[in-house]
1. Among the numbered conditions (1) under 15 Å from Leu29 (Cβ atoms); (2) of a type in the set (Val, Ile, Thr); (3) loosely packed, with under 12 Cβ neighbours inside 10 Å, tell me where Ile164 comes up short.
2. If Asn167 passes every condition in (1) farther than 23 Å from Asn60 by Cα; (2) of a type in the set (S, T, N, Q); (3) at pLDDT 95 or above but one, which one does it miss?
3. Could you look through the range 32-60, keep only residues that are free of Cβ contacts under 8 Å to residues at least 24 places away in the same chain and among the hydroxyl-bearing types (Ser, Thr, Tyr), and pick out the one that is farthest from Ala147 (Cα to Cα)?
4. Does His69 satisfy being surrounded by fewer than 17 Cβ atoms within 10 Å (Cβ to Cβ), at pLDDT below 85 and not hydroxyl-bearing (Ser, Thr, Tyr)?
Amino acid sequence: MARLFAFLVNGKVKHTLYWLLLSAIIVGLDQFTKALVKRYVMLHSRVRLLPFLDLTLVYNQGAAFSFLHNAGGWQRYLFIGIALCVSTILTIWLYRLPSEHRLLALSIALIIGGAIGNFVDRVLAGQVVDFIVLYYANWHWPAFNVADSAISVGVVLMVWDSAISKN
């Protein structure tokens, strides 16, 4: 028991758990917002929030931009596997990352949270709930969710960190 406690209070483990807590918060926020939308927004209806932002309930069996949406169902297992692999690799990277690399750790935590948020949807329902629609005049971005946003922000931060990193 003493060895387990010593392992858990290890600086690397504490550092990793701190960032994984952020990932868990992202998953919780993602699942909470999806539950609200499923409860209060009718399928394919639009609720205007701002002149450039609507809520709409859509289901996506594919990946980003509905890639492989109509592939027959096998894609569910592919994307579940990808999410598990990516989350595992990123968690190991996060564990090995020196604690002073906060921006990179933040980006990894956001990507993990987003990947797991959509993973939960795929495991439980076989499809991902999307509901945020941004638009301007006749142009609109495909519907997305909090998990997608976390992944996108995480990737941008990771690229930014890579660009500014001196190591």
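The values are calculated or read from the model by the stated rules, or taken from the named source; none is laboratory data. Keep in mind that what you see is a predicted model, and the values were worked out from it rather than measured. No Cβ is skipped: glycine too gets one built from the backbone with ideal geometry, and neighbour counts run over all protein chains shown.
1. (1) is the only condition that Ile164 fails.
2. The single condition Asn167 does not satisfy is (3).
3. Among them, the one singled out is Ser45.
4. Numbers: surrounded by fewer than 17 Cβ atoms within 10 Å (Cβ to Cβ): yes; at pLDDT below 85: yes; not hydroxyl-bearing (Ser, Thr, Tyr): yes.
For His69, the condition - surrounded by fewer than 17 Cβ atoms within 10 Å (Cβ to Cβ), at pLDDT below 85 and not hydroxyl-bearing (Ser, Thr, Tyr) - is met.
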